[in-house]
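Inspection log for the structure reproduced underneath, given as structure tokens.
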Amino acid sequence: MPIFFSFFFGRFSDIRGRKATIILSYIILTLGLMSMYFRERPLLLILGIFLLAINRAVIAPTIFALIGDVSTEKNIEAHTALLWMAQNIGVVSALIFSGEVQTKPIYLISIAIIVISLVILLPVLKLDFKAIKLKLSQE
């Protein structure tokens with residue numbers, strides 16, 4: 001499903017802005033995980049899977065565009081490599097963690113991680129991406 005909607009949400013990100021798209025992604029991700037938590041009803045399970053897939057379509061093009069927004073020609077490769085490394089660490093950590101924890105608590109822990117990351121990210125989203133790009137180009 002993300003393959004069908006990524007272009008649309010990439011354009012949405014270009015038009016409405018990265019910040020709005022990131023907030024939208026957080027909302028969709030949280031709703032998807034909450035639906036998965038209350039998955040006793042098949043409709044909620046399907047809704048959760050659908051929302052998580054849509055979230056991937058929202059965030060994937062936005063992340064790559066954001067890397068381009070805050071990077072220069074000199075450091076874009078390092079920033080892209082750092083993004084891929086962080087994503088892969090997250091995937092491996094989730095696989096290991098899911099083997100150790102029961103299914104239902106994983107959704108609550110994931111929602112808690114999302115809230116914590118949003119609290120950390122909100123001050124950054126208030127900054128101008130051009131200022132971030134300038135700061136990163138100096139380092």
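Please treat every number below as a calculation from the coordinates, not as lab data. Keep in mind it's a predicted model, so treat the numbers as computed, not measured. Here the Cβ positions follow ideal geometry from the backbone for every residue, glycine too, while neighbour counts run over all protein chains shown.
Taking label points 7 Å from Cα along the Cα-to-Cβ direction, Ile113 and Glu100 give a separation of 1.2 nm.
Beta carbons within 10 angstrom, averaged per residue: use that to sort the peptides 56-66, 94-104, 6-16, 123-133, highest first.
For the peptides 56-66, 94-104, 6-16, 123-133, the packing ranking is 56-66, 6-16, 123-133, 94-104.
Screening the chain for whole DSSP H helices of 15 Å or more along their axis (Cα) with average Kyte-Doolittle hydropathy at least 0.0 returns 2-16, 18-37, 42-70, 76-100, 103-125. Using the alpha-carbon centroid of each, what span in Å lies between region 1-34 and region 85-110? A separation of 22 Å, based on Cα centres. Per-residue Cβ neighbour counts within 10 Å put Val119, Val70 in the sequence Val119, Val70, beginning with the fewest. Between Met85 and Ile3, what FRET efficiency follows from the Cβ-Cβ distance if R0 is 25 Å, with the result rounded to 0.05? Using R0 = 25 Å, I get an efficiency of 0.55. Peptide packing for 76-86, 44-54 was compared via the average number of neighbouring C-beta atoms within 10 Å per residue; ordered from the highest value, the list is 44-54, 76-86. A crude spin-label estimate for the pair Ile76 and Lys126, with each label 7 Å from Cα along the Cβ direction, gives 3.1 nm.
Kirkwood hydrodynamic radius of region 2-138, from the reciprocal of the average inverse Cα-Cα distance over all distinct pairs: 16.3 Å.
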